[in-house]
Amino acid sequence: MTKANRAMLIGSIGAGKSTLTNALLERKIAAVKTQSLQYQDWIVDTPGEYTENPLFYKNIMATALEVTHILFLQDATKQKTIFPPGFSMGFNKLPIGVVTKSDAATAHIKQATAQLRRAVPKGPIVITSSVTGQGLAEIRELVKCSSLEEMQEAMKAVPGDVVIFH
Ligand SMILES: Nc1nc2c(ncn2[C@@H]2O[C@H](COP(=O)(O)OP(=O)(O)OP(=O)(O)O)[C@@H](O)[C@H]2O)c(=O)[nH]1
Ligand SMILES: [Mg+2]
């Protein structure tokens with residue numbers, strides 16, 4: 001991993017941020033509820049409350065200054081999204097949309113992807129599962145990239161059911 005590159009994970013309570021953090025770092029431990037910012041290697045894991053409550057947006061903004069990439073997580077098993085339209089455009093950071101829990105029986109991947117695309121109008125959307133490992137290698141690759149063009153180039157051989165670029 002390029003040492004300078006770091007990713008902040010944001011998304012609703014229970015979206016799977018900590019489980020994804022552990023999976024990306026190959027830590028075989030179960031996630032517990034996140035109460036505060038967690039710096040884990042090249043990942044900054046945040047409590048879901050930071051994204052769910054606009055009162056915490058200033059914390060997200062401040063923490064974003066410390067990272068190169070922001071991962072916007074949408075739970076595929078949830079009908080609702082908590083991201084305002086165009087949310088990623090408010091950050092001067094490389095965005096990665098992440099649909100989580102693609103393995104779940106109740107996952108609605110198409111719907112989650114469409115919702116996430118409204119929040120993340122530009123950049124890759126990666127369909128992931130921390131259970132099967134789908135999309136994890138792609139996220140690690142994307143966080144090594146330093147521009148949208150580089151991310152697009154890095155993903156050009158990846159099937160469209162794992163990464164959607166815009
Ligand atoms: N099926 C399935 N379940 C998952 C996956 N990722 C997370 N979960 C489950 O979703 C629940 C919440 O996961 P967490 O990783 O704690 O969610 P979080 O986003 O960190 O939640 P907060 O820390 O409260 O903001 C747990 O019961 C996980 O086991 C996945 O890829 N597939
Ligand atoms: Mg957590």
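Taking every residue in segment 52-73 that is surrounded by fewer than 19 Cβ atoms within 10 Å (Cβ to Cβ) and pairing it with any residue that is charged (D, E, K, R), at least 6 positions away or on another chain, the pairs with Cβ-Cβ distances below 8 Å are F56/E49; A64/K93; E66/R6; T68/R6; T68/K93. Among the candidates F165, F91, F87, the residue that is of a type outside the set (V, I, T) and modelled with pLDDT under 95 is uniquely F165. Filtering segment 48-76 to residues that are farther than 22 Å from T113 by Cα, outside any helix (DSSP H, G or I) and within 12 Å of ligand 1 (Cβ to nearest atom) leaves only N53.
For segment 80-116, residues that are among the aliphatic types (A, V, I, L, M) and in contact with a helix residue (DSSP H, G or I) (Cβ under 6 Å, 6 or more places away or on another chain) total 3.
The values are calculated or read from the model by the stated rules, or taken from the named source; none is laboratory data. Just so it is clear, the model here is predicted, and its values are computed rather than measured. Neighbour counts run over all protein chains shown; Cβ positions are idealised from the backbone, glycine included.
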